[in-house]
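Here is the structure we will look at.
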Amino acid sequence: MPPHPAAALAISKPAAPPRTRTEALRLQIADEIISGVLEPGTPLDEQELAARFGVSRTPVREAIRQLAASGLVSVRPHRGAVVALPTPTQLDDMFEAMAELEALCAGLAARNMTVPERRGLEGLHQALRALVHEGDPLRYHETNEAFHAAIYAGTHNGYLAELTLMTRARVAPFRRAQFRTTGRLGGSYQEHDLIVQAILRGDQPGAAEAMRAHIGIVRDAFRSYARAP
């Protein structure tokens, strides 16, 4: 069976493509919201943000729309957008759903991944190891997204992969932030190693459990980051 097209993409391009202006804006604004620079209730004026970042209002408007999908921004009809962090309960619900979806993906990947797909996953895993040694959280986050996408594609279940990617998009700002905690890159790599080894030996329950535990640790790491002064 030939590799799933999405898996081939993840394997052949482990490094993320150059960011668009919209993505760069989204990441910058998300960081400022999560770190507390922009507090809940702060209005997000498109014209002001466009002038600050030296761009037109179009990428600003799209970035705000994407942030609203993650629950970081509330868009009020005819009144503009304001910062609106999810409550702790909402975040717990998001991470719980994410953990179960990713666990299902990891289990199915252990059962369904082709040999080339497994080799591609190993390659991404080794790329992450190198980034741990370099201490580069930004590039680690980007390659980490490709790692997880390869697992989603390895399920050979397009609907599940799409659903998981949609949920991941909502949780992404919080997953990204946790890489700033001390020692988190090395911890993430070790958690990945348990997932990869289970997938390579075709251990469906083991891969699912390792992934579920990994997402739980990600949630706890974000909580620690959010509580830090």
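Annotations for the structure displayed:
- For the chain, the longest site-free run once trypsin sites (Lys or Arg not before Pro) in DSSP loop states with at most 15 other Cβ atoms within 10 Å are removed: 80-200
- Computed over every Cα-Cα pair of the chain and binned at 5 Å starting from 0, the pair-distance distribution P(r) comes out as 1, 7, 14, 17, 19, 16, 12, 8, 4, 2, 0, 0 percent.
- Placing unit charges on the Cβ atoms of the charged side chains and taking the dipole of segment 73-119 about its Cα centre, the candidate lying farthest along the positive direction among LEU91, ALA81, ALA103 is ALA81.
- Residue-level accessible surface for SER224, protein heavy atoms, 1.4 Å, Å²: 60
- Most mobile of GLY120, GLY206, GLY80 in a GNM of the chain (Cα contacts under 10 Å): GLY80
- Within the chain, the whole DSSP H helices whose Cα atoms reach 15 Å or more along their own axis and whose mean Kyte-Doolittle score is at least -0.5 are 21-34, 57-69, 88-112, 115-134, 137-154, 158-177, 184-200, 204-227.
- Summed residue charge, Cβ within 12 Å of GLY80's Cβ, Lys/Arg positive, Asp/Glu negative: 0
The values are calculated or read from the model by the stated rules, or taken from the named source; none is laboratory data. Here the structure is a predicted model, which means the values were calculated and not measured. Note: ideal-geometry Cβ built from the backbone for every residue, glycine included; neighbour counts use all protein chains shown. Note: accessible area is taken over every heavy atom of the protein model, side chains too, but ligands, DNA and RNA are not part of it. Shrake-Rupley method; radii C 1.70, N 1.55, O 1.52, S 1.80 Å.
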